[in-house]
1. With +1 on the Cβ of every Lys and Arg and -1 on the Cβ of every Asp and Glu, and nothing else charged, how large is the dipole of the chain about its Cα centre, in debye rounded to the nearest 20?
2. Between Leu106 and Ile129, what is the FRET efficiency for a Förster distance of 22 Å, r being their Cβ-Cβ separation, to the nearest 0.05?
3. Could you work out the mean projected area of the convex hull around the alpha carbons of the stretch 62-130, in square nanometres to one decimal?
4. Got a sec? Charge dipole of the stretch 11-128, +1 on Cβ for Lys and Arg, -1 for Asp and Glu; which of Leu106, Thr43, Asn22 is way out at the positive end?
5. Rounded to the nearest whole Å², what accessible area per residue is found for the chain with the 1.4 Å probe?
6. Run the Debye formula on the Cα coordinates of the chain, all scatterers equal and no solvent, and tell me log10 I(q)/I(0) at q = 0.21 1/Å.
7. State the percentage of accessible surface on the chain attributable to carbon and sulfur atoms; use a 1.4 Å probe and exclude ligands, DNA and RNA.
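The values are calculated or read from the model by the stated rules, or taken from the named source; none is laboratory data. Treat the numbers as computed from the prediction; the structure is a model and nothing was measured. Reconstructed Cβ throughout: ideal geometry from the backbone, glycine too, with neighbour counts over all protein chains shown. SASA here: full protein model, heavy atoms, side chains in, ligands and nucleic acids out. Shrake-Rupley method; radii C 1.70, N 1.55, O 1.52, S 1.80 Å.
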Amino acid sequence: MKTFTVKTTEHDQMVDITSELNNFVKASGVKEGVLVVSSLHTTAGITVNENADPDVKIDFLRRLDEVYPWEHAEDLHGEGNTASHLKTSTVGSSEMVIISGGELVLGTWQGVYFCEFDGPRQRKYVAKIL
């Protein structure tokens, strides 16, 4: 298992971590298996999505904001970040990606993203090969 650190710069942000994960898999020497990636935070998630068109990230974050607005008069959570918790639960805190031939099996347009929903912060995620 390896722990990675990512420093986010925006309140809501999708950081492409595909390269770091590919490097981890290659360094491991594992040819066949599964990579599990997990965020260590309740206000940041992990997802697989398109990494070719940067507008996808913009639309993705905007639509989550529409569903989970940052301010809601009835939210009770004292930290005021209920929206970030809801976004993380919707996106999920982890992903599994197949490894074949020593590489991640991702579609032509796919990448793995660390999703920040309460930044900017220094965050951690872990990856483990099974």
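1. So the magnitude is around 760 debye.
2. The computed FRET efficiency comes out at 0.90.
3. Mean orientational projected area (the stretch 62-130, Cα hull): 6.6 nm².
4. It is Asn22, whose Cα lies furthest towards the positive end.
5. Here the per-residue accessible area is 56 Å².
6. Results for the chain at q = 0.21 Å⁻¹ read -1.21.
7. Carbon and sulfur atoms account for 51 percent of the accessible area of the chain.
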